[in-house]
Amino acid sequence: MPNEIVIQIIEKNINEKITSIKQITSGYSRMIYQINDKYILKIVTNPIKDNSTIKEVEFLLNNDTLEFIPKVIFSDFTKKSFPYVYYLERKINGESLLLKWPLLKESEKQQILVQLLEKLDKIHSLDYNSHFDDNCLDLLLKEYDNYLNKIIDSNILNKEKIHYLYELKNIIPNLLEGAKTGLIHGDLHFNNILVNDDNKISIIDFEKIKRSFVERELDPINRMSRNPNSFNTNSKIILTAYDFRNIMNFIKNNFEVINGDKFDDRLLLFDCLNSLMWLEKYPKYELYNDILFNKSKKLLR
């Protein structure tokens, strides 16, 4: 629960008395509260996440004319009165697209996907500042090296598989040659897309905003086809892999920045990168091994 100092600061900035505080999330890095059913308070409890939160808030403040992203009311990065970075944003009314999707008509689904692509195009085309690295390829290769080095240090793979992962890294520059770059949300699963009663969408949780390859934006949605209910908290609503294959087919045919010849291969590459990230923690998980050492062979043909 936010302490008295935070409550006083909130009341001063919103010029109203706090009458209700409801905890929404308590993760390993953030605690999120709903205030007066009108505001969202985010408290960063893991200092490692401070910089990404500051980037997120600065992105939201610099682009507050976009009607489909959260509006920041105030933020405090000083840790002087409270030992954590935190900020308050106006609550966006709407329901998670993950829960609403099965209830929509086919025409409504298509309309929402068209909206999503239009809004993503706006985000990807935004100007960026010095907080975002310019060289997306170097950044991605460093990310790959970071995961690979952790795997090598943990001694969970034999030399043959380590050598293969280096081979996989060597094809990345060629595979991403000519790919469009821009600011991407970085965590675009369907719980980060809200739909209101008029089927207008908003996008939330820009904690992983970064400059990268635009097609990487679609990686979370693509991976949801394997486990479409991984974020589902409502047992009465069931999504299927078929739903997400249809979604990806629509995106592939309508997202203008996609390079049709390399799109599937690039999605597989981003899938490999995600598997590489998790392999150190779950070295025996068959899915990550299958993607990295079987499915990825398609990229080395």
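The values are calculated or read from the model by the stated rules, or taken from the named source; none is laboratory data. Note that the coordinates shown come from a computational prediction; the quantities given were computed from them, not determined experimentally. Reconstructed Cβ throughout: ideal geometry from the backbone, glycine too, with neighbour counts over all protein chains shown.
Among the residues of segment 171-178, is there at least one that is assigned to a loop (DSSP other than H, G, I, E, B), within 19 Å of CYS136 (Cα to Cα), of a type outside the set (A, V, I, L, M, F, W, C) and over 14 Å from the mean Cα position of the chain (by Cα)? Yes, there is a match, as at least one residue in segment 171-178 is assigned to a loop (DSSP other than H, G, I, E, B), within 19 Å of CYS136 (Cα to Cα), of a type outside the set (A, V, I, L, M, F, W, C) and over 14 Å from the mean Cα position of the chain (by Cα). The residue list PHE59, PHE68, PHE82, PHE77 contains one member that is over 30 Å from LEU239 (Cβ atoms) and in contact (Cβ under 8 Å) with a residue 40 or more places away in the chain, which is PHE82.
For ILE5, the stated conditions hold: it is of a type outside the set (D, E, K, R), farther than 30 Å from THR240 by Cα and exposed (fewer than 13 other Cβ atoms within 10 Å of the Cβ).
Residues that are crowded, with 18+ Cβ neighbours inside 10 Å and in contact with an Asp or Glu (Cβ under 9 Å, 6 or more places away or on another chain) within segment 58-71 comprise LEU60, PRO70, listed in sequence order.
Apart from one condition, SER107 fits all of (1) in contact with a strand residue (DSSP E or B) (Cβ under 7 Å, 6 or more places away or on another chain); (2) more than 27 Å from ILE291 (Cα to Cα); the exception is (1). Got a number for residues in segment 93-121 being out of contact with any helix residue (DSSP H, G or I) (no Cβ under 8 Å at 6 or more places or on another chain), surrounded by 16 or more Cβ atoms within 10 Å (Cβ to Cβ) and either modelled with pLDDT of 95 or more or in a loop (DSSP other than H, G, I, E, B) (or both)? Residues meeting the conditions: 4. In segment 235-249, the residue that is surrounded by the fewest Cβ atoms within 10 Å (Cβ to Cβ) out of those that are within 10 Å of LEU99 (Cα to Cα) and β-branched (Val, Ile, Thr) is ILE238.
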